Each structure stands twice: as structure tokens, then as C-alpha cells.
1. Hey, if you put +1 on the Cβ of every Lys and Arg and -1 on every Asp and Glu Cβ in segment 1-140, which of V6, P39, P90 ends up farthest toward the positive end of that dipole?
2. Would you mind working out the magnitude of the charge dipole of segment 50-113 relative to its Cα centre, with +1 at each Lys and Arg C-beta and -1 at each Asp and Glu C-beta, to the nearest 20 Debye?
3. Who wins for biggest fluctuation among A360, A118, A149 in a Gaussian network model of the chain, springs between alpha carbons below 10 Å?
4. Read phi for every residue in segment 28-41 and hand back ³J(HN,Hα) as whole Hz from Karplus 6.51 cos²θ - 1.76 cosθ + 1.60, θ = phi - 60°, with x for Gly and Pro.
5. Helix hunt in the chain: which complete DSSP H runs extend at least 15 Å axially by C-alpha with mean Kyte-Doolittle at least -0.5?
6. Name the lysines eligible as straight-distance cross-link partners of K126: C-alpha to C-alpha under 25 Å, and not fewer than 8 places from it in the same chain.
7. What's the carbon and sulfur percent of the chain's accessible surface, probe 1.4 angstrom, rounded to a whole number?
8. Placing +1 on the Cβ of each Lys and Arg and -1 on the Cβ of each Asp and Glu in segment 125-242, which of P242, M232, L150 has its Cα farthest towards the positive end of the resulting dipole?
Amino acid sequence: MPDYVVDVHTHVYPPAYMAMLRARKTVPYIHDPADKGTPRLIILSSDDDPSIPIDKRGRPVDSSYSDINVKLKFMSQHGIDCSVISLANPWLDFLPESEAVEWASRINDNLEALCVSANQEGEKKKLFAFATLPLSSANPPRIADEIKALPSLPHIRGVIMGTSGLGIGLDDPRLDEIWKALEETQLVIFLHPHYGLPDEAFGGPEVTNRYGHVLPLALGFPLETTIAVTRMLLSGVFDRFPKLQVLLAHSGGTLPFLAGRIESCILHERKFTANGGTVPGPQRSVWDVLKTNIYLDAVVYGTAGLKAAVEAGGGSDRLMFGTDHPFFPPLSDDETEWPSVTTNYKAIADSFDGDQVSAAAVLGGNAVRILNLQ
Ligand code: 5CU
């Protein structure tokens, strides 16, 4: 086992957020079955299929989603020393402006308080956090002010962000004020999917739901992330904000694999001014951005994806271990080790076979350096 293991991809729904979901009847919501069976968490739009009985929609939700002591126990069981916790999707995307702003500060104070109590002297497990932004408020100056206030919370190391931005995606020029605040504060943006792809991409809702969560999670999520970061690149976000630091969930979706194709399409695009057209295409290459602005988590469950992530980032020093806890739990109650976690540990061990230094960096050293987790 390496000296120090850090999990940069691990979520919580604080109890107050769970209570808010319980009070809702539209996605996202929590349904408590009348027979007092296990509550169900319905967060993805494809979860809320009226042809599925409500007691079977979504997925079972237990205390691992909201009880920090359960997370601390999970950390012990999996050799994790430090976790950078973040609110899980869909964050505050669905709330109106007035509520989103209030909820963001409530959640961020709550995350900070969890970190403070976990990090007391003598406690072995450490917590830090990615804050939540009230993006649905669609009020950039207000959001920028929230960002500038975040360094007053000593355990906040970045912000988690979905792909919708202010509602129309991350190439929206109205986000510039927000990118500027994030660049100035040097807070890492943890870019995470939620919306996937329209059911039509998989053959319609009937086909999507025939296979449960597999198509939305295995394909929809990674492609959503890839599309979001590619739109940032194409719209010149990384040209205008060259110091932006973005951690992409699930090893960048498919970005490491597709980076060469994206670069080639950009070079062949006649509309871009660099090629004689009138549209300002990106000034910097995908490869440069991958090596300068992008970090990837190591939540990819296999050596082929992990090696692509290392290669795309120009080495192992931009890759950080994660678990995606509390998602992907074991299907049987008697398993204490989560196969989703051991698979990621194994992928790291196999990819860096014999290179203990790189493996240790990915498991913890990189996160300590990049996120300043001393
Ligand atoms: O299983 C899922 O739906 C998810 C999710 O919603 N968010 C996440 O981070 N991982 C898995």
C-alpha cells in the first residue's frame, strides 16, 4: 500500500439536501415506499419512467449517501486517508435563483463543517471539499462573488460544476466572469456529468430503460463530459483563461481517446480564422490544454482507459485516484470491499507495474500537490 491515498471523486448529499429531495415529486426526488421499504433516489431524467412502478424507479438510497460516518468507514475499509468530498449531481441546477443562492451557502458551510470536524487532531482520516455554485441563478456577478468568498472556507479546494453552466452549456460567453473568478482564486473546477445524452441517442426511452442505468451511465455520462470540455476548447475558454484548472470526471469521459481526432477536425475546419475562415477557432492545441489546464481522475475501471489518460496528460502527474462513492455499491450486502473501487486500484497497479513512484503519485501524491492538501 502506498503512503497516502486521496479520493478526489467522492460525493455526499447532506441531510438537509436529502430532506429537500424527499419533499419533491419531480426529478430529482426521493420516494419513500408506502411499505416502508428502501427509499428510492430518482435523479436522472431517464429514471422517471411512468411505465416503471414508482417503488422500483431510480436506485435504492441508504445512509451512505448522506452520513459522513459511513463515508469515513468506507475510507477505512478501502485504505483511503483523505477524501475531497463534493455534492453529487444534479447539485443546485434545478432550483430557482433565490433558492439556489441560499442552498449554495448552506451546502458549502456544511461541507466546511464536516471537514473541520473530521480533521481534528488525532483523527486519521482527513476531509477537504469542492464547493457548490448557484449556477441556476444565471447571475454571473453574483456567482463570481460567491467564488471570490470561497477561500474564506479553509477546506474548500475547488468547485464542482455540471455541464449546463447557466443553462446553455460551457461555451456561453456569460460564463467569462465566472471563469475569471475561478482563475483568479485558483480554485480547481471539478467538471462532472449529469444529463447524459437524449434517450434518442440510444434508440428511444424504451431501449434506454430496457438496460437500466447502463447506457446513460456508461456512455451518456462520459460523452456529456467530452462534449462539454470540447465546447470550452472550441469557444476559446482556455485561450482567454490560460490558468484555468479543470479536473474532468471519469478520466475525461472519452477526451484522452478522442483528443487526436478533435485536433485533426479543428485543423481541417475551413470556418476557423486560422484556416482562412471568419470564425475564431481555438488558438491552443488540445494537447497543450490537456498538459496545462486539465487534470483527470482515475475513475475509468481498466488499464486501456487509464493508459490513455496518462498518455494524454503527458505523464502520470495530472491523474488522481477517485472512487465515485456512494455510487456503484456492491450488489450484495455482505460485500464490504466495493468491486468498483478495487477495480480502479487494480487498473492503477497494472498500468504502473513496477513503477511505484508513479502509482503512489496517482493514488495520493498528485492530489496533495495539486489541491494543496497538507
Ligand atoms: O449512478 C449514478 O447515477 C451516478 C451519478 O448520478 N453520479 C455519479 O457521480 N455517479 C454515478
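The values are calculated or read from the model by the stated rules, or taken from the named source; none is laboratory data. This is a predicted model, so every value here is computed, not measured. Neighbour counts are summed over all protein chains in view; Cβ atoms, including those assigned to glycine, are modelled from backbone coordinates with ideal geometry. What goes into the accessible areas is simple: the full protein's heavy atoms, side chains included, and nothing from ligands, DNA or RNA. Shrake-Rupley method; radii C 1.70, N 1.55, O 1.52, S 1.80 Å.
1. Selected residue: P39.
2. 420
3. A149
4. x, 8, 10, 10, 9, x, 4, 7, 6, x, 5, x, 10, 9
5. Result, helices passing both filters: 97-118, 221-234, 255-267, 339-351.
6. Candidates past the 8-residue exclusion: K71, K73, K148, K346.
7. Solvent-exposed carbon and sulfur of the chain make up 55 percent of the total.
8. Checked the options; the winner is L150.
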